[in-house]
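Following: one structure in structure tokens, then a few remarks.
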Amino acid sequence: AKRDPGTSYRFYDRQLHISAGYQLRLEADLRNALRGNELELYYQPRIDLASNDVRGVECLLRWNHPERGLVGPDEFIPVAERSGLIVPIGYWVIEQACKRLQESAELGFPGLVFAVNLSFRQFHDRKMTETIFRIIFNANVDTSLLELELTESAMMHDPEYAQRCLRELNQLGISFALDDFGTGFSSLSNLQHLPISLVKIDKSFVQALGESADAEHIIRAIISLAHSLQISVVAEGVETESQLEFLRQQHCDEIQGYFYARPMPWADLVQFLNKRGES
Ligand code: C2E
Ligand code: CA
Ligand code: CA
Ligand code: CA
């Protein structure tokens, strides 16, 4: 770019410009989305391999954009993180999950675990535990049914503060899962020192099964390591019977993936649970 400023630099600059404008627009839209009830949670079931029961659901954000339709989190979470909007959005997600948790018991599905994703950016909020405490207190839910998913890198900014948050929330009964496990900077000491009760094997490993022997070895190693520390394992991104069979043979505890169910709106989840209850 330096040698040819006449072409490539200007091109780069224009790209940057467009993307900055686009970002700002998206950010403004997102601010309205939170106020205007455009955000919605979808729920993806997690199935226990031994009992075939639905153990819980992962709550996944969707944005019903007035012009663009349903927008997935990969498109707007990075913007929400950069702008800090993920903090209020994250609290909204927990609030909503608690409401549904309460509702699920009333509908006859007690014991269903609700898992919510936490962004690294939420650990920049100095009032994190306090705010989460207030939300669960007001919702009056059984905290042992609330699970928070985080990646290991989420704690890197201020590990001491993050660890304190985890411990305090854990004392309230909330449990934690390490998300996307095996990617990024996995540190075995995290498993030992943090109140983690579950690891989620990243879908990239599951989807490489059958194509790469490494994926098999990595999955085997994660499961055996986790189990030796009394930590349960969920495999995500399970799409085929053969992936499922491999995971079953390895004594993976739970699976989540399109093979069983896609993320779905609340009303569809209730129907899904009712159908399974009948059979
Ligand atoms: P994640 O936490 O790793 O969530 C799992 C993603 O895998 C979800 O994508 C889910 O729809 C997708 N998935 C599940 N089963 C399958 C499968 O069998 N095949 C394939 N190809 N994909 C499958 P989704 O809903 O698009 O979410 C993407 C990411 O956005 C999440 O990844 C999570 O990091 C983030 N996210 C979603 N909701 C929230 C939220 O409320 N807060 C925060 N901070 N992040 C969120
Ligand atoms: Ca997750
Ligand atoms: Ca993942
Ligand atoms: Ca992820």
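Rounded to whole numbers, the Karplus 3J(HN,Hα) couplings from phi for region 192-198 are 7, 9, 9, x, 9, 10, 8 Hz, using 6.51 cos²θ - 1.76 cosθ + 1.60 with θ = phi - 60°, and x at Gly and Pro.
Taking 0.36 nm per intervening residue step and subtracting the Cα-Cα distance, what contour gain separates residue 259 from residue 208 on full extension? List each step's numbers first, then the result.
Numbers: separation 51, 0.36 × 51 = 18.36 nm, distance 1.55 nm.
Gain in length upon complete extension: 16.8 nm.
Distance between the pseudo-spin-label points of residue 22 and residue 34 (7 Å out from Cα toward the beta carbon): 2.3 nm.
Hey, with R₀ at 22 Å, roughly what FRET efficiency would residue 127 and residue 193 work out to, going by the Cβ-Cβ distance, to 0.05?
On the way: r = 24 Å, r/R0 = 1.09.
Taking R0 as 22 Å, the efficiency between residue 127 and residue 193 is 0.35.
If r is the Cβ-Cβ distance from residue 225 to residue 82 and R0 is 25 Å, what FRET efficiency results, to the nearest 0.05?
Working: r = 34 Å, r/R0 = 1.36.
The computed FRET efficiency comes out at 0.15.
Shape of region 55-158 from its Cα gyration tensor (a ≥ b ≥ c, root eigenvalues): rounded if a/c is under 1.5, otherwise prolate when a/b > b/c, or oblate? The shape class here is oblate.
Phi angles across region 165-181 convert, under the Karplus curve 6.51 cos²θ - 1.76 cosθ + 1.60 with θ = phi - 60°, into 3J(HN,Hα) values of 4, 4, 5, 5, 5, 4, 5, 7, x, 6, 10, 10, 10, 8, 8, 6, 5 Hz, Gly and Pro given as x.
If I fit a long axis through the Cα atoms of helix 266-278 and take the longest principal axis of the Cα atoms of the chain, what angle between them do I get, 0 to 90°, rounded to 10? Taking Cα atoms only, the helix is inclined about 20 degrees.
Among the GluC sites (Glu not before Pro) in region 39-102, those located in a DSSP loop and surrounded by at most 12 other Cβ atoms within 10 Å of their own Cβ are 67. Using only the alpha-carbon atoms, how far is helix 86-106 inclined from the longest principal axis of the chain? Give it as 0 to 90 degrees, nearest 10. Tilt of helix 86-106: around 30 degrees.
Would region 128-279 count as rounded, prolate or oblate if I go by the C-alpha gyration tensor, calling it rounded below 1.5 in a/c and otherwise prolate when a/b exceeds b/c, oblate otherwise? Don't skip to the answer; put the middle values down first.
Working: a/c = 2.21, a/b = 1.17, b/c = 1.88.
In terms of gyration-tensor shape, oblate.
Working note: 222 nm ellipticity from helices only, DSSP H runs with n ≥ 4, each -39,500 (n - 2.57), summed and divided by the residues of the chain, gives -15000 deg cm²/dmol to the nearest 500.
Across region 223-279, the fraction of Cα-Cα pairs farther apart than 17 Å, rounded to a whole number, is 50%.
Can you tally the net charge around residue 48? Count Lys and Arg as +1, Asp and Glu as -1, for every other residue whose Cβ sits under 15 Å from the Cβ of residue 48. Before the final figure, lay out each step's value.
Numbers: positive: 46, 55, 200, 248, 276; negative: 53, 58, 147, 236, 253, 254.
It works out to a net charge of -1.
The spread of Cα positions in the chain, taken along each principal axis and listed from longest to shortest, comes to 64, 48, 40 Å. Here the Karplus curve 6.51 cos²θ - 1.76 cosθ + 1.60, taken at θ = phi - 60°, turns the phi angles of region 54-67 into couplings of 7, 7, x, 9, 9, 8, 10, 6, 9, 10, 7, 6, x, 9 Hz, with x standing for Gly and Pro. The trypsin sites (Lys or Arg not before Pro) of region 17-71 that meet both conditions, a loop assignment by DSSP and at most 12 other Cβ atoms within 10 Å of the site Cβ, are 68. Distance from the Cα centre of region 33-90 to that of region 179-202, in angstrom? Region 33-90 and region 179-202 have Cα centres spaced 22 Å from each other.
Each value in this text was obtained by applying a stated rule to the coordinates, not by laboratory testing. What you are looking at is a predicted structure, and each value in this text was computed from that prediction instead of being measured. Counting neighbours? That spans all protein chains shown, and the Cβs are built from the backbone with ideal geometry, glycine included.
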